[in-house]
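A short worksheet on the structure shown next.
Throughout, read-outs are computed from the coordinates displayed, never taken from laboratory work. Since we're looking at a predicted model, the values are computed, not measured. Cβ coordinates were reconstructed from backbone atoms using ideal geometry, including for glycine residues, and neighbour counts include every protein chain displayed.
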Amino acid sequence: MTAARGLEGIVATTSSISSIIDDTLTYVGYDIDDLTENATFEEVIYLLWHLELPNKAQLQELKQQLADNMELPQEVIESFKTYPIDKVHPMAALRTAVSALGLYDDEADLMDKEANYRKAIRLQAKMPAIVATFARVRKGLEPVAPRKDLGFAENFLYMLKGEMPDQIEIEAMDKALVLHADHELNASTFTARVCVATLSDVYSGVTAAIGALKGPLHGGANEQVMKMLTEIGTADKAEEYVLEKLNNKEKIMGFGHRVYRQGDPRAKHLREMSKRLTEITGEPEWYDISVKVEEAFTSQKPLPPNVDFYSASVYHSLGIDHDLFTPIFAVSRVSGWLAHILEQYENNRLIRPRAEYTGPGKRNYVPVDER
Ligand code: CMC
């Protein structure tokens, strides 16, 4: 038995949800470029869960179900006040709150298809409320209740900021949600599938996935990118910064990918959005620094930017706290996790690979006072 490090190149499951072929990402056959230009996030959720785009009535029904399920149990809101709020990362809070949500769902351990779908709706609907409510509570602000008349992206920004976002902000958030919704067998999705393949419940699967997304090699990269842009400060310092990091054999966050070779097809959309939004906010330096980092990095390594690189300056331009960038990724990616969880249940087999053993050979126990 020989291990494939990091499971590179291993095909671990079949799936009808999304594919990456020749650097093209599709959701159920639709090119991500097409969906980003034309679809709303709610349409994408439906697509991932039903494997078809919704008609008008189906879309309206899903929107209604999401709007009806956004409010959090009061116990979950109250529990935020018990967290060590000035120290806790919002991803840790999100992971804990999603786990806690399961405690207040009477159907948490019901495993029939309909109950699992109802839980998918609840989780998808409540994730933005968790992120937004925690973000406000930690600043001593009152939570803002979701509004049933608002779309998903709009409601999220409204709950986060406590005021109505403008159209440009809504569109940018909606596009970012579409772009992050699913990504074949990425680390967090694989984590979710491994978890529920034991026939554990939906809440456990999503909680596990949030833990995997949190790491800087996965979703946590977007926050690290903003940290780097802030450290660099001005575009003229970007090249020196990048070269020094590479000299020290450090990674530059937001570049490279396990699967893509020529480039991440999502990055160009975020690059365009970053340019537009940073101009609108009167802070074009964030885009300018990003471009200089990209130029300096790619002149040294043939690794193009991934989804996390330009999303950092996009979220910053939307006035979002930097440590909320990865939770936003989760608010979107939960749609993909849930699609994969439902798919896993449909055709389940325990996921249990093997390890190539590299420890000592067989030996005999030695009593503790003889060691
Ligand atoms: N900066 C510098 N060098 C890099 C980078 C980078 N961002 N990415 C890869 N490399 C180098 C790496 O040092 C290694 O070099 P060598 O062969 O000389 O040791 C080589 O490229 C292969 O890297 P790897 O880490 O073995 O590649 P991987 O396929 O295991 O990792 C990755 C993929 C995304 C984890 C990696 O490219 C990386 O760490 N990037 C930075 C973190 C990041 O942006 N993550 C977000 C990923 S995309 C969105 C998501 O899924 O969340």
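Observations
- Taking a ≥ b ≥ c as the square roots of the eigenvalues of the Cα gyration tensor, the stretch 221-317 is oblate, since a/c reaches 1.5 or more and a/b is not larger than b/c.
- Distance from the stretch 179-242 to the stretch 312-359 (C-alpha centre basis), Å: 7
- Considering only Ser79, Ala67, Leu51, and ranking their Cα positions along the charge dipole of the stretch 31-117 that arises from unit charges at the beta-carbon of Lys, Arg, Asp and Glu, the one farthest toward the positive end is Ser79.
- All other residues whose Cβ lies under 15 angstrom from that of Leu66 are scored, Lys and Arg at +1 and Asp and Glu at -1, for a net of -1.
- Ordering Ile232, Ile280, Gly205 by the projection of their Cα atoms onto the charge dipole of the stretch 191-305, which places +1 on the Cβ of Lys and Arg and -1 on the Cβ of Asp and Glu, puts Gly205 at the extreme positive end.
- Prolate/oblate/rounded call for the chain, Cα gyration tensor, a/c under 1.5 rounded: rounded
- Residues listed by number, the stretch 220-262, amide nitrogen under 15 Å from Glu8 label point at 7 Å toward C-beta: 256-262
- The stretch 221-317, dipole about Cα centre (Lys/Arg Cβ +1, Asp/Glu Cβ -1), debye to the nearest 20: 520
- Those lysines that a straight Cα-Cα span of less than 18 Å connects to Lys251, excepting residues fewer than 8 apart in one chain: Lys214, Lys227, Lys237, Lys292, Lys301
- For the peptides 57-64, 263-270, the ranking by packing is 263-270, 57-64, with the highest mean count of neighbouring Cβ atoms within 10 Å listed first.
- Charged-residue dipole, Cβ positions (Lys, Arg, Asp, Glu), the chain about Cα centre, Debye nearest 20: 1300
- Axial C-alpha extent at least 30 Å, average Kyte-Doolittle at least -1.0 - helices from the chain (DSSP): 113-137, 325-346
- Computed over the chain: relative contact order in percent, which uses C-alpha pairs under 8 Å that are six or more apart: 23
- The magnitude of the dipole of the stretch 9-149, with charges of +1 and -1 set on the Cβ of Lys/Arg and Asp/Glu and taken from the Cα centre, is near 740 debye.
- Estimated FRET transfer efficiency when R0 is 25 angstrom, pair Asp31-Ser299 (beta carbons, to 0.05): 0.25
- Considering only Pro165, Pro143, Pro302, the Gaussian network model of the chain with Cα springs below 10 Å gives its largest mean-square fluctuation to Pro302.
- Fewest-first ranking of Val259, Val331, using other Cβ atoms within 10 Å as the exposure measure: Val259, Val331
- The chain: most fluctuating residue of Glu43, Glu239, Glu114 per GNM, C-alpha cutoff 10 Å: Glu114
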